[in-house]
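S.K.: Please read through the structure below; I'll follow up with questions.
The values are calculated or read from the model by the stated rules, or taken from the named source; none is laboratory data. Just so we're clear, the structure is a prediction, and the values are computed from it rather than from any experiment. Neighbour counts are summed over all protein chains in view; Cβ atoms, including those assigned to glycine, are modelled from backbone coordinates with ideal geometry.
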Amino acid sequence: EAQVTQNPRYLITVTGKKLTVTCSQNMNHEYMSWYRQDPGLGLRQIYYSMNVEVTDKGDVPEGYKVSRKEKRNFPLILESPSPNQTSLYFCASSSPNRGRSPLHFGNGTRLTVT
Amino acid sequence: GQQLNQSPQSMFIQEGEDVSMNCTSSSIFNTWLWYKQDPGEGPVLLIALYKAGELTSNGRLTAQFGITRKDSFLNISASIPSDVGIYFCAGQSNAGNMLTFGGGTRLMVKP
């Protein structure tokens, strides 16, 4: 089944403790992206990647890092999480090189930073 | 960055009613997408629009790509309880460019 898989689904952590949220897709998509969703603000893009070893900042990149060493994986790294990073995070992928290819989303990771 | 205004923010309707929501932008988009998000899930694509003026249906859902390329609407006819969720519009300037999302419309359906 074609899908985007995020782990973990839920995470509670403390301020300053580094964490990684993993994202993997099995559709051979070139494009991958991370969003955060906050009440009243919709989905805001954190980082995106057009292909392996190519990453770019989205609208709200501060406090986040990403890497794209392999095509299928696009982990989101919070080196020193803070309470304002408490949010619902979504990974998504698509294949712009194949023409019309809308984003496919994972099921989300709910992060709470205390 | 680009802004997408989606309205209404929420609506509470009776089962069987039709509902309409729309998005407007200050910038031109070449692609409009409509997603639905169920509680605890990621957004799922409902309809994709790629051409100005395009009107596309998916079951009881109909969406249109505005002629000016700065707006789009989504209609749901004869709503049912499983239509409950948050609906998002999204615009894209060019393939490979990032999507800009609207703030979402939370739909509640009373049986």
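S.K.: Need the failing condition index for B:Asn22 against (1) in contact (Cβ under 8 Å) with a residue 40 or more places away in the chain; (2) in a strand (DSSP E or B); (3) crowded, with 20+ Cβ neighbours inside 10 Å, just the number.
M.R.: (3)
S.K.: Which one of A:Pro81, A:Pro61 is at pLDDT 95 or above, buried (at least 20 other Cβ atoms within 10 Å of the Cβ) and not β-branched (Val, Ile, Thr)?
M.R.: A:Pro81
S.K.: Just the residues that are buried (at least 20 other Cβ atoms within 10 Å of the Cβ) and β-branched (Val, Ile, Thr), please, taken from the stretch B:33-77.
M.R.: B:Ile47, B:Ile76 - these are the residues of the stretch B:33-77 that are buried (at least 20 other Cβ atoms within 10 Å of the Cβ) and β-branched (Val, Ile, Thr).
S.K.: I would also like to ask the following. Just one of the numbered conditions (1) in contact with a Lys or Arg (Cβ under 8 Å, 6 or more places away or on another chain); (2) modelled with pLDDT of 95 or more is not true of A:Thr112; which one?
M.R.: Here A:Thr112 clears every test but (1).
S.K.: Take the stretch A:48-69 and flag every residue that is assigned to a strand (DSSP E or B), basic (Lys, Arg) and farther than 16 Å from B:Thr100 by Cα.
M.R.: Within the stretch A:48-69, A:Lys65 is the sole residue that qualifies.
S.K.: All but one of (1) under 12 Å from the mean Cα position of the chain (by Cα); (2) modelled with pLDDT of 95 or more; (3) within 12 Å of chain B (Cβ to nearest Cβ) hold for A:Tyr48; which doesn't?
M.R.: Only one criterion in (1) under 12 Å from the mean Cα position of the chain (by Cα); (2) modelled with pLDDT of 95 or more; (3) within 12 Å of chain B (Cβ to nearest Cβ) is unmet by A:Tyr48, namely (2).
S.K.: Which condition breaks for B:Arg106 when tested against (1) surrounded by fewer than 19 Cβ atoms within 10 Å (Cβ to Cβ); (2) among the charged types (D, E, K, R); (3) in contact (Cβ under 8 Å) with a residue 12 or more places away in the chain; (4) over 24 Å from A:Arg9 (Cα atoms)?
M.R.: Of (1) surrounded by fewer than 19 Cβ atoms within 10 Å (Cβ to Cβ); (2) among the charged types (D, E, K, R); (3) in contact (Cβ under 8 Å) with a residue 12 or more places away in the chain; (4) over 24 Å from A:Arg9 (Cα atoms), only one is false for B:Arg106: (4).
S.K.: Only residues that are more than 10 Å from chain A (Cβ to nearest Cβ), outside any loop (DSSP other than H, G, I, E, B) and under 28 Å from A:Gly58 (Cα atoms): list them for the stretch B:61-105, please.
M.R.: B:Ala63, B:Gln64, B:Phe65, B:Asp71, B:Ser72, B:Phe73, B:Leu74, B:Gly85, B:Tyr87, B:Gly91, B:Thr105
Yes or no, residue by residue, for (1) at the interface with chain B (Cβ under 10 Å from one of its Cβ atoms); (2) over 12 Å from the mean Cα position of the chain (by Cα):
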residue	(1), (2)
A:Val52	no, yes
A:Tyr64	no, no
A:Arg68	no, no
A:Ile77	no, no
A:Pro83	no, yes
A:Ser101	yes, yes
A:Phe105	yes, no
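S.K.: Looking at B:Glu41, B:Glu15, which is the one that is over 15 Å from the mean Cα position of the chain (by Cα) and away from chain A (no Cβ under 11 Å)? Lay out the reasoning, then the answer.
M.R.: Numbers: B:Glu41 fails: away from chain A (no Cβ under 11 Å).
Result: B:Glu15 is the single residue among B:Glu41, B:Glu15 that is over 15 Å from the mean Cα position of the chain (by Cα) and away from chain A (no Cβ under 11 Å).
S.K.: What number of residues within the stretch A:1-29 are surrounded by fewer than 19 Cβ atoms within 10 Å (Cβ to Cβ) and outside any strand (DSSP E or B)?
M.R.: 13
S.K.: Check whether at least one residue in the stretch B:33-46 is farther than 18 Å from A:Ser94 by Cβ, in a strand (DSSP E or B) and either in contact with a Gly (Cβ under 8 Å, 6 or more places away or on another chain) or at pLDDT below 95 (or both), and report yes or no.
M.R.: Looking for residues that are farther than 18 Å from A:Ser94 by Cβ, in a strand (DSSP E or B) and either in contact with a Gly (Cβ under 8 Å, 6 or more places away or on another chain) or at pLDDT below 95 (or both), one finds none in the stretch B:33-46, hence no.
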